Amino acid sequence: MTNLDAFDAPLALDPDAVLLLIDVQKGFEAPAFGPRDNPQAEQRMAELITAWQDTDRPIVTVQHDGPGTPLAGGTPGHDLKDFVAGLTPALHVTKTVNSAFYGTPDLHAWLQERGARQVVVTGIITNVCCETTARMAGNLGYDAIFPTDAMHSFDMAGPDGTTIPAADLARATAATLHAMRFAKVVTTEDVTGAARA
């Protein structure tokens with residue numbers, strides 16, 4: 001089976017498939033971010049965490065330090081949300097840009113050392129850090145898995161000033177990743193089912 005075939009085949013997970021929890025931080029609750037979509041995102045992330053813990057697969061947490069933003073280091077908004085803060089991850093990455101692959105320690109090097117080839121991308125924001133990480137994962141040769149119901153976006157203004165709803169941005173991300181074969185776009189139920197198969 002080629003990598004292209006894998007996008008249309010039923011989801012199968014490696015025993016060492018890595019769950020990436022990207023920027024699940026309290027600062028995203030700040031009113032400055034505006035309206036969001038998918039109010040069930042955190043519950044879906046928690047379901048994935050449980051599946052990973054139940055099957056002894058590795059979890060990586062990623063935390064953004066954005067000076068001058070609600071996520072700035074040293075502020076309450078930098079803290080991970082409680083359901084993630086209590087984890088003892090296999091790796092914790094800190095970053096200042098959109099991709100989890102440009103952080104400290106080096107995620108790509110860690111995955112290579114483990115021989116891991118699958119990453120399940122979840123977290124905040126769907127069309128920013130989650131999408132950027134998934135695109136890079138695909139470009140680096142990983143099988144990127146993208147459960148869109150385990151993340152959320154925010155309304156954003158385009159260059160003409162028109163506000164694009166968060167749900168539309170999330171659908172556009174899913175379409176791009178799927179159509180261009182950056183990632184396998186699935187649901188949390190798909191992933192938890194595959195994890196326990």
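What the table below lists for this structure:
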quantity	calculated
Counted residues, region 26-75 - those being crowded, with 18+ Cβ neighbours inside 10 Å, hydrophobic (A, V, I, L, M, F, W, C) and within 26 Å of residue 164 (Cα to Cα)	5
Region 118-151, residues that are in contact with a Phe, Trp or Tyr (Cβ under 7 Å, 6 or more places away or on another chain) and within 22 Å of residue 47 (Cα to Cα)	118, 119, 121, 124, 125, 133, 134, 144
Test: residue in region 157-165 that is touching a strand residue (DSSP E or B) at 6+ places or on another chain (Cβ under 7 Å) and touching a residue at least 40 places away in the same chain (Cβ under 8 Å)	no
Single match in 173, 122, 192 (criterion: in a strand (DSSP E or B), in contact with a helix residue (DSSP H, G or I) (Cβ under 6 Å, 6 or more places away or on another chain) and polar (S, T, N, Q))	122
Within region 76-88, considering residues that are of a type outside the set (A, V, I, L, M) and surrounded by fewer than 17 Cβ atoms within 10 Å (Cβ to Cβ), the one farthest from residue 25 (Cα to Cα)	88
Qualifying residue in region 128-142 (condition: touching a residue at least 40 places away in the same chain (Cβ under 8 Å) and part of a strand (DSSP E or B))	no
Residue selected from region 91-115 under the condition closer than 11 Å to residue 20 by Cβ and touching a Pro at 6+ places or on another chain (Cβ under 8 Å), by the criterion surrounded by the most Cβ atoms within 10 Å (Cβ to Cβ)	93
Test: residue in region 93-106 that is in a strand (DSSP E or B) and small (Gly, Ala, Ser)	yes
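To keep it simple, each residue is scored yes or no on (1) more than 25 Å from residue 176 (Cα to Cα); (2) β-branched (Val, Ile, Thr); (3) assigned to a helix (DSSP H, G or I).
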| residue | (1), (2), (3) |
| --- | --- |
| 11 | no, no, no |
| 21 | no, no, no |
| 28 | no, no, yes |
| 42 | no, no, yes |
| 50 | yes, yes, yes |
| 56 | yes, no, no |
| 70 | yes, no, no |
| 73 | yes, no, no |
| 87 | yes, no, no |
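None of the figures in this text is laboratory data; all of them are computed from the coordinates on show. Just so you know, these numbers come straight off a predicted model, no measurement behind them. Glycine also receives a Cβ, built like all others from the backbone with ideal geometry; neighbour counts cover every protein chain displayed.
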